[in-house]
Every structure is written in structure tokens, then in C-alpha cells.
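Peer 1: Mind looking over this structure? Questions follow.
The values are calculated or read from the model by the stated rules, or taken from the named source; none is laboratory data. A quick note: this is a predicted structure, and the numbers were derived from the prediction, not measured. Heads up, the Cβs are rebuilt from the backbone with ideal geometry, glycines too, and the neighbour counts pull from every protein chain shown.
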Amino acid sequence: MNNKSLAIRGVVWTSASHVISIAMTFFVTPILLRTLGAEQYGIWSIVIALTGYYGLVNMGIGKANTKYIAQFDAVGDTKAVREVMSTGLAIFSLLAVVVLAVAGGVAWLFPYLFDLGDYPIPLARWIVMLTGLKVAVNLIGQVFAAGVGARKRFDLTNSLLCTRLILTGTLIIVVVLSGGGLMGVALVVLGAAVLFRAAICFLAIRVVGLPCPSLGGFNRDTGKMLFRFGLLNLVIQIVRRTSLVGGSLILGLFAGPVAVAYYSVAESLTRKSLNLGKTINYVVMPFASQFEAQSDRHALKRLLILPTRLLLTLAMLITAVLLILGKSFLALWISPEIAANVYPVICILSLSLLVKLPTNGLQSTLTGMGRMTFLSRVAIGEGSVMLVLGIILTPLYGTLGMAWAVGVSQLVFSGLLLPIYACRDIGYSMRQFALSTVGPALLTILPATSAALLLAHFLPAQRLLVSLAQIGLVSIVAAVCAFFVCLDTSLRTDILRTIVHLLPGQPRNLAATIRHSNK
């Protein structure tokens, strides 16, 4: 299978996994809220937020494994690949033990840190331990997932992920409706993680053909190499994780589980929307590395513009849908009472999404160019400002205060500093960059926004299916406009030829397309 086929299959399955993730959130969230209540749902949200911090223990080694496995695999050095995998397995096994120890300490402190209401303390502690065990399982399996990713078989990992999401969501619904409570949810999530990692391990060794690692194959020099690469990635991951889950923890400390539940619904919807951009971001980084190595500034400028334009269009679409159709959708999806508390938070977070989603493409480009020091500084600044503002504003304004803390920090660092640095580095006018990205995105989104306003005014949704149909219609309008406005003729032709025919050797590769469309 050639690289282009692998890339297309990877994008398709990655997109599918994000769509299914959103769908599972759509179906599972209202059932959890109605069955468990806002207080228990808030407790689960706090546990999940803490689990996110456990994942940072990997210290960026996951990406380092992917990089070096791919690097040594490219030159046929099977021995070095085995060393990287064995060293990674040894490091991840040690880190898994660390996670379990930390989870034990957090479980003991949990009832002293957070207001659990009437929920039994022993059960809360067991739930924290089970989620910690899930993270430990994921850590050990990361080395195999990194190997599959290094060989560009994202179709395999994401098809399995789709199965895992559907299975987990279905079982959670069954368990909760059967009276299993939060403990049942925690057991389902743990079981799904074990099965998923076991399947990835099987695929890595038996299907992809990677060498089988062993703990005895640990190499100190290889370990140092992995840690050096992973250090700056770790800094960025810590800050990104803080931005994602820090809000729930701050609200849990200052406002209680009910406020966390309302904020988590809004944050979950915007976060799932943010993940939609990853299908583009995954493709951007390796091409940025290629063009940087070739000193091809012309192609880098093109790479700077096109992903940002597409991601900005997507961000504008999501923001328009949430602002115009979001309130009625939430009322029909969950309940009018919860919608009244969630919608104002969504409005603020959707504006931050308008900044964060398009600049993720810039981050991928700069990562491929090796600008990790700058990216880590931006991440530290953004996370620090978000935490400080959150601690100041949350006691005063509750969930809205936390939402504004996220929005302001992302506007300053991701919305302003990141584009300015990227344009200066590549040698591109900031004014021209804005005209090349914002102009087409606005032109694309105007028909979709008009359609949303007309639907909301003349055909207000009275049923959930009608609301979903309205959102789908607006999205189709935006997608058609984006295809003709945001993409030039040569790129549109190449995409259609690849999708319709998919004949090996005939379509131009993506790197050539990027260069050709500049002529």
C-alpha cells in the first residue's frame, strides 16, 4: 500500500473515530446526567480530569517512540527498532507503577479535596483507583500503538478505536440504566482499555510485523535519546492538559460538583469539536518537516495558509451552529433547565474555539519545523494565565468566570503570538496571511450562517431529530462552499481523482500538489 493510500485511509478512519466520539458523547451524556444526577456526574468529571493528568506521566515518550521507530524503520535497522520498542516498554512499565502509586495517594485524598455530597467515600476511592489502573494499562500499550503509527497504519488503530468507542458507550448506557452507578462505569472503561490495548499489541506484532519487544532489551543510550526528544513535548502536553481539564478541577475546588457538571457538558462539546481538526493536523506535521529540510519556503507558506484557512472555516461553522442553534439543541438533547445553565458557558467556549482550532494547524507546522522551544513557551504562558484567571474569576462568576479565563488566555497566546511568530519565521506578511485565511473563511461561512439564522427564525426545532437535521443541513452548505472557495482548482481535482479512482501511481502526491498549486 503506497503512502497516499495510507494517508487517505488514515484520514478517513481518524475522521470516523472523531465523529463516533461526538456521537457517543451525544447519546451517553444525557443518560448519565438524568440517571446519576448532576452531583454524581460532576464527581465522574473530576475523576476523569484527574485521570488526564496521570497520562502526562508518559513524559512525551510516546511521540519519541513513533519518531525513532519510523526513523530506524526507514533504513531497515530492525535491531534499532527493537531497541527503541524494548526501551520504551521498560520505561512505560516503570511509569505505570508510578501512576498506580500516585492514584493510591489521590484516592485517599480525594474526599478531603472535593465535596462528594452524599456519595460514599469508599466507592469514590475505588473509582479513582480503577481509572488510575486504566491509565497504567494505556501506558504499557503505548509502545505498540507508537509502532503501528510509525508505519502509518492509522487505519488499523482508528478502526479499533471506533469499535472501542461504540462498545464502551453502549455498555455504559446498559450499566447505568441497570443501576451499576459510577462503579459500573469505571469498570466498563477499564475493561475496554484492556481489550483495546491487547488488540493493538496483536496488530503491531502479527499484522504490521514489528519486532517483539522485551524488558531485557532496555538500552540506556536509547532511553536518553527518547527522554531528550520527549522533554519539550512533555511541557506542551502538561499545559494542554491543564487547559483541557484544569477548568473542571478549579470549579470542583471553588464551586462544587454541580457547577463542574454544567461546565463539563459545555467543555466536552467544544473539546470534541476541537478534535475534528486533528485529521488535518496529523497530515501537516510530516510535510512541514520535509519542506523545512528542503528549505522550500514557498511550500511552507502554502502549508501555513491552507490548513489554517480550512480549520478557521470549521471553527466558524461550529461557532455559528452553537450560537444560533445551540440553545434549542441543548434543551431538546438534555433538558431546558440544564440548557439554561450550559448555553452561556458554550457561547464563551465557542469563541475560544474560534481562536484555538485554526491555530492548531500553525502549531503542527511549527512542530514539524522543530520550533519546540517557542511552542513550549507559548504553552506555558497560556496555561499559566488560564490558571491565574480561573482562580480569580471562578469564585466571582462561577462557570462563566472559568470559561472567560480559558478564552482570554487562548486569545492572547494562540490567537496573537502564534500567528505572528509563524509568519515572521517563514517570511510571510501577517497582513497577507490574514487576508488569505480570514477572507475565504468568512466568504465560505456566510451562506451557512444565513441558513442557520433562517432555520432558527422560521423553522424553530421542536424535536431533537429536527434540530439535528438543521445542524446537518447547515454543515452541508458550509462543506460545499468550503470545497469551492477554500481549495483551488488543482487541489479540488486531485482530491476528487484520489477519492473516486484511487489508482496507484496516477494521482500526484500531496507534496507535489502543494507546490503545483502555487504556480
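Peer 1: If you check LEU396 against the conditions, is it of a type outside the set (Val, Ile, Thr), farther than 30 Å from VAL260 by Cβ and either surrounded by fewer than 16 Cβ atoms within 10 Å (Cβ to Cβ) or not assigned by TED's automatic domain parsing to the domain that holds GLY256 (or both)? Step through it out loud before you land on a result.
Peer 2: Numbers: of a type outside the set (Val, Ile, Thr): yes; farther than 30 Å from VAL260 by Cβ: no; either surrounded by fewer than 16 Cβ atoms within 10 Å (Cβ to Cβ) or not assigned by TED's automatic domain parsing to the domain that holds GLY256 (or both): yes.
No; evaluated as a whole, the condition is false for this residue.
Peer 1: Another question, then. Those residues that are touching a residue at least 24 places away in the same chain (Cβ under 8 Å) and among the aromatic types (Phe, Trp, Tyr), I need them from the stretch 184-207; list them, please.
Peer 2: Matches in the stretch 184-207: PHE196 only.
Peer 1: Let me ask something else. If the Cβ limit is 7 Å and pairs must be 6+ apart or interchain, which residue in the stretch 430-441 that is within 14 Å of CYS486 (Cβ to Cβ) and in the same structural domain as PRO419 (by TED's automatic domain parsing) pairs with which residue that is surrounded by 13 or more Cβ atoms within 10 Å (Cβ to Cβ) and aliphatic (A, V, I, L, M)?
Peer 2: Sorted first by the residue in the stretch 430-441, then by its partner, the pairs are SER436/ILE305; THR437/ILE305; THR437/LEU312; VAL438/LEU312; PRO440/VAL485; ALA441/LEU312; ALA441/MET316.
Peer 1: Could you list, in sequence order, the residues of the stretch 105-115 that are surrounded by fewer than 19 Cβ atoms within 10 Å (Cβ to Cβ) and at pLDDT below 90? Talk me through it step by step, then tell me what you get.
Peer 2: So in the stretch 105-115, the residues surrounded by fewer than 19 Cβ atoms within 10 Å (Cβ to Cβ) come out as 105, 108-109, 111-113, 115.
Passing the criteria: LEU109, PRO111, TYR112, LEU113, ASP115.
Peer 1: Exactly one of these conditions fails for GLY439: (1) closer than 24 Å to LEU300 by Cβ; (2) surrounded by 14 or more Cβ atoms within 10 Å (Cβ to Cβ); (3) within 28 Å of the chain's Cα centre (by Cα). Give me its number.
Peer 2: For GLY439, the failing item is (2).
Peer 1: Has the stretch 363-372 got at least one residue that is in contact with a Leu (Cβ under 7 Å, 6 or more places away or on another chain), assigned by TED's automatic domain parsing to the domain that holds MET316, more than 24 Å from ILE280 (Cα to Cα) and assigned to a helix (DSSP H, G or I)? It would help to see each step written out before you state the result.
Peer 2: Keep residues of the stretch 363-372 that are in contact with a Leu (Cβ under 7 Å, 6 or more places away or on another chain), which gives 363, 365-367, 372.
Then drop every residue that is not assigned by TED's automatic domain parsing to the domain that holds MET316, which leaves 363, 365-367, 372.
Of the ones still in play, those that are also more than 24 Å from ILE280 (Cα to Cα) are none.
No, the conditions are met nowhere in the stretch 363-372.
Peer 1: List pairs: first residue in the stretch 150-161 and in a helix (DSSP H, G or I) and modelled with pLDDT of 80 or more, second residue among the aromatic types (Phe, Trp, Tyr) and surrounded by fewer than 22 Cβ atoms within 10 Å (Cβ to Cβ) anywhere in the structure, Cβ distance under 6 angstrom, at least six positions apart or on different chains.
Peer 2: ASN158/TRP13; SER159/TRP13
Peer 1: Within the stretch 111-127, track down each residue that is assigned to a helix (DSSP H, G or I) and farther than 12 Å from GLY256 by Cα. Explain how you work it out, then say what you get.
Peer 2: At the first step, the residues of the stretch 111-127 found to be assigned to a helix (DSSP H, G or I) are 111-113, 121-127.
Once the filter is applied, which keeps residues that are assigned to a helix (DSSP H, G or I) and farther than 12 Å from GLY256 by Cα, the stretch 111-127 yields PRO111, TYR112, ILE121, PRO122, LEU123, ALA124, ARG125, TRP126, ILE127.
Peer 1: Looking at (1) under 25 Å from LEU249 (Cα atoms); (2) surrounded by 20 or more Cβ atoms within 10 Å (Cβ to Cβ), find the lone condition where VAL385 falls short.
Peer 2: In the conditions (1) under 25 Å from LEU249 (Cα atoms); (2) surrounded by 20 or more Cβ atoms within 10 Å (Cβ to Cβ), VAL385 misses (2) alone.
Peer 1: Continuing with this model, one more query. Which of the residues spanning the stretch 128-156 are crowded, with 22+ Cβ neighbours inside 10 Å and among the β-branched types (Val, Ile, Thr)?
Peer 2: Those that are crowded, with 22+ Cβ neighbours inside 10 Å and among the β-branched types (Val, Ile, Thr): VAL128, THR131, VAL135, VAL143, VAL148.
Peer 1: With assigned to a helix (DSSP H, G or I), assigned by TED's automatic domain parsing to the domain that holds VAL474, modelled with pLDDT under 85 and crowded, with 19+ Cβ neighbours inside 10 Å as the only criterion, which of ALA320, ALA288 stands out? If you could, list the steps in order and put the result at the bottom.
Peer 2: Numbers: ALA320 fails: modelled with pLDDT under 85.
Within the list ALA320, ALA288, the selection yields ALA288.
Peer 1: Next question, about the same structure. Find the residue count for the stretch 39-83, including only residues that are assigned to a helix (DSSP H, G or I), among the small types (Gly, Ala, Ser) and at pLDDT 70 or above.
Peer 2: Residues of the stretch 39-83 that are assigned to a helix (DSSP H, G or I), as a first pass: 39-58, 61-74, 78-83.
Restricting the remaining residues to those that are among the small types (Gly, Ala, Ser) gives 42, 45, 49, 52, 55, 62, 64, 70, 74, 80.
Filter once more, so that each one left must be at pLDDT 70 or above: 42, 45, 49, 62, 64, 70, 80.
Residues meeting the conditions: 7.
Peer 1: Does GLY209 meet the test of being modelled with pLDDT under 85 and not in a helix (DSSP H, G or I)? Give the steps one after another, and end with the answer.
Peer 2: Numbers: modelled with pLDDT under 85: yes; not in a helix (DSSP H, G or I): yes.
Taking the combined requirement at face value, the residue satisfies it.
Peer 1: Could I ask something else about it? One residue is enough: does the stretch 402-422 have a residue meeting the conditions assigned to a helix (DSSP H, G or I) and more than 25 Å from the chain's Cα centre (by Cα)? If you could, list the steps in order and put the result at the bottom.
Peer 2: Step one: filter the stretch 402-422 for residues assigned to a helix (DSSP H, G or I), giving 402-422.
Filter once more, keeping what is more than 25 Å from the chain's Cα centre (by Cα): none.
No, that holds for no residue.
Peer 1: Here's a follow-up. Which residue pairs have Cβ atoms closer than 6 Å, lie 6 or more positions apart in sequence or on different chains, and pair a first residue in the stretch 273-285 that is modelled with pLDDT of 75 or more and crowded, with 19+ Cβ neighbours inside 10 Å with a second residue that is of a type in the set (S, T, N, Q) and assigned to a helix (DSSP H, G or I)?
Peer 2: Hits for this filter: GLY277/ASN360.
Peer 1: Suppose the filter is farther than 18 Å from ALA320 by Cα, among the hydrophobic types (A, V, I, L, M, F, W, C) and buried (at least 16 other Cβ atoms within 10 Å of the Cβ); does VAL477 pass it?
Peer 2: No.
Peer 1: Let me ask something else. Looking only at the stretch 449-467, filter to residues that are free of Cβ contacts under 8 Å to residues at least 12 places away in the same chain and either on the phi > 0 side of the Ramachandran plot or part of a helix (DSSP H, G or I) (or both); which one of those is surrounded by the most Cβ atoms within 10 Å (Cβ to Cβ)?
Peer 2: VAL466
Peer 1: Is it the case that GLY88 is in contact (Cβ under 8 Å) with a residue 12 or more places away in the chain, crowded, with 22+ Cβ neighbours inside 10 Å and assigned by TED's automatic domain parsing to the domain that holds THR131? Lay out the reasoning, then the answer.
Peer 2: Values: in contact (Cβ under 8 Å) with a residue 12 or more places away in the chain: yes; crowded, with 22+ Cβ neighbours inside 10 Å: yes; assigned by TED's automatic domain parsing to the domain that holds THR131: yes.
Judged against the criteria, GLY88 is a match.
Peer 1: Looking for whichever is buried (at least 17 other Cβ atoms within 10 Å of the Cβ) and in the same structural domain as GLY401 (by TED's automatic domain parsing) here; the options are PHE196, PHE254. Which one fits? Give the steps one after another, and end with the answer.
Peer 2: Working: PHE196 fails: in the same structural domain as GLY401 (by TED's automatic domain parsing).
Residue meeting the stated conditions: PHE254.
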